[in-house]
1. Taking only the alpha-carbon positions of the chain and ignoring solvent, what does the Debye formula give for the base-10 log of I(q)/I(0) at q = 0.18 Å⁻¹?
2. Using DSSP to define loop residues, name the trypsin sites (Lys or Arg not before Pro) in region 108-184 whose beta-carbon has at most 13 other beta-carbon atoms within 10 Å.
3. Over the chain, what is the percentage of antiparallel beta bridges among all DSSP beta bridges, to the nearest 5?
4. Assuming 1.306 mPa s and 10 °C, estimate D for region 105-147 with Stokes-Einstein, Rh taken as the Kirkwood radius over Cα pairs, in µm²/s.
5. Quick one, can you get me the convex hull of the C-alpha atoms of region 78-184 expressed as volume per residue in Å³?
6. In terms of Cα to Cα distance under 15 Å, which aspartates and glutamates are near enough to Lys68, apart from those fewer than 8 places away along the same chain?
7. For a quick check, take a GNM of the chain with Cα springs below 10 Å and name the residue from Gln170, Gln20, Gln67 with the largest mean-square fluctuation.
8. Express the carbon and sulfur contribution to the solvent-accessible surface of region 59-184 as a percent, rounded to the nearest whole number, probe 1.4 angstrom.
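The values are calculated or read from the model by the stated rules, or taken from the named source; none is laboratory data. Remember, predicted model here, so these are calculated numbers, not experimental data. Note that each Cβ is placed from the backbone with ideal geometry, even for glycine, and that neighbours are counted across all protein chains shown. For accessibility, only protein heavy atoms count, side chains too; no ligands or nucleic acids. Shrake-Rupley method; radii C 1.70, N 1.55, O 1.52, S 1.80 Å.
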Amino acid sequence: MIDYKNLRISHEEAANIVLQHYGLEGKATKLPGEIDFNFKISCANDTTYVLKISRPNENEHYLDFQQKLLLHVEAQGDALLAPKVVKDTNGNSIAEIVDSFGKIRKIRLLTWIPGKIWSDVNPQLTNLRLSLGKHCGTLTKALQGFDHVEAHRSFDWDIAQSLWTTDFLQLFEGDKKEVLSYFQ
């Protein structure tokens, strides 16, 4: 089995991908990511993007879901600050490359949204929490009417799908078990 963690993309390769597929010249800086290889692309004209490079054999339908979700949100107007999909020079929202390992990967480019990661903000005052809640409500409203086959998936971390945790209740005792049982 291939260890895809070791099939990394260098920042030089990322910058070259953006130039070849989007006609944009910029400096690539690696960003963290759970699944994709992500790069911040900083262009000379102070425009910034996020390049997302899939792992080999990534589910194309899931990538399509992500792109269509962003396009749906964008179509709702400017009430919501969200990344915008940037199409490649051929007009595609998802392009394909062959990496230096000979593996096919999907690439996507999004506009950059400046700001801080929630966990880096300290203190998290009431007005900030209220603002987050307002934006979450706006996003929920913007997503009304959107559907895609990949939107119906199971995620262990989704609180609305957390009943799988009942199988592990026996690992707790006393007050902890009582609290968990109440919320389950």
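1. At q = 0.18 Å⁻¹ the computed log10 ratios are -1.30.
2. Lys116, Arg153
3. Among the beta bridges of the chain, antiparallel pairing accounts for roughly 100 percent.
4. Rounded, D is 121 µm²/s.
5. Considering the Cα atoms of region 78-184, their hull volume per residue is 251 Å³.
6. Filter leaves Glu60, Asp147, Glu150.
7. The residue with the greatest mean-square fluctuation here is Gln170.
8. For region 59-184, the apolar C and S fraction of the accessible surface comes to 57 percent.
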